[in-house]
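In what follows, a single structure is set out as structure tokens and then discussed.
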Amino acid sequence: MKLGVNIDHIATLRNARAGDFPSPLYAAFTVLEAGAFNVTCHLREDRRHIKESDIRLISEQTKRLNLEMAANDEIISIALDVIPRSITLVPEKRQELTTEGGLNVALDIEKYKIINNKFRSKDINVSAFIEPEELQIEAAKKADFNFIEIHTGKYAQYLDPYKRQEELAKIKKAAEFALSAGLSVNAGHGLNYENTGDIAEIEGIYELNIGYSIVAHAIFAGLNNAVKEMLEILKAAELIKYCR
């Protein structure tokens, strides 16, 4: 299982003083050197953290950018020019603190199919960030997505162990269904050092995208160590799967 590290909040810290430090590009190199597979950045319409110059530098110099973005004409145009390694389409609301739910692909399959054809003409893999629901998985397949990324936010927010296990079961079922439909599966949102293990044990998930918890832990442990500690959780989950 691969680890994608979202470095948006490195840019949040930089922007707090309107300077150029800490550098998201330096953070990108650091997480990759620590063993991350991808660097994930969300270029939001309001540019609250990552900026266009960041994604251009990271994509050009690392070749490992996973660009999170809304299906917005301006951002699509930028992405087609930057040509990141992969793209994850997400819903976006201006006032939200973070992404609040999955993309409703089923609402407009043809719209996403047209967008995906543009990206795939540039050999960019495209993922839909969706809820663990068969309706949305089927829609993602019809819209020609390569991947889905299952939204784990509900699982992560539940403190009740029974509700958490119910949501975990939904995620497992969704991953199985997506794989049977011929889609590759990623997952992410709200994952941290306590709740990632159970998700990492799910068969068939290719990559987990984790950001805020790693960047927050890096304040105390250092970014390199924070990434390595998360990778150890993924390795332990792989060992558990192997021993079953």
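Before moving on, here are some points about what is shown:
- Condition check for ARG56: surrounded by fewer than 19 Cβ atoms within 10 Å (Cβ to Cβ), in a loop (DSSP other than H, G, I, E, B) and more than 17 Å from the chain's Cα centre (by Cα): no
- Single unsatisfied condition, GLU68 versus (1) charged (D, E, K, R); (2) touching a helix residue (DSSP H, G or I) at 6+ places or on another chain (Cβ under 8 Å); (3) closer than 24 Å to GLY204 by Cα: (2)
- Criterion (among the basic types (Lys, Arg) and under 23 Å from HIS151 (Cα atoms)) met by exactly one of ARG17, ARG85: ARG85
- Residues being within 13 Å of ILE7 (Cβ to Cβ) and touching a residue at least 12 places away in the same chain (Cβ under 8 Å) - total across the range 198-223: 9
- Selected residue (only one of LEU208, LEU234 is under 19 Å from GLY101 (Cα atoms) and either in contact with an Asp or Glu (Cβ under 6 Å, 6 or more places away or on another chain) or among the hydrophobic types (A, V, I, L, M, F, W, C) (or both)): LEU208
- GLY188 small (Gly, Ala, Ser), within 19 Å of the chain's Cα centre (by Cα) and closer than 16 Å to GLY153 by Cα: yes
- Selection count, the range 1-31, where residues are closer than 25 Å to ILE233 by Cβ and of a type outside the set (A, V, I, L, M): 11
- Test result for GLU207, modelled with pLDDT of 95 or more, surrounded by 15 or more Cβ atoms within 10 Å (Cβ to Cβ) and in contact with a Gly (Cβ under 6 Å, 6 or more places away or on another chain): yes
- ALA71 vs. criteria assigned to a loop (DSSP other than H, G, I, E, B) and either at pLDDT 95 or above or at negative phi (or both): yes
- Top-ranked residue of the range 177-189 - restricted to ones that are free of Cβ contacts under 8 Å to residues at least 60 places away in the same chain and crowded, with 19+ Cβ neighbours inside 10 Å, ranked as farthest from ILE137 (Cα to Cα): ALA187
The values are calculated or read from the model by the stated rules, or taken from the named source; none is laboratory data. Just so we're clear, the structure is a prediction, and the values are computed from it rather than from any experiment. Methodologically, a virtual Cβ is constructed for each residue, glycine included, from the backbone with ideal geometry; neighbour enumeration extends over all protein chains shown.
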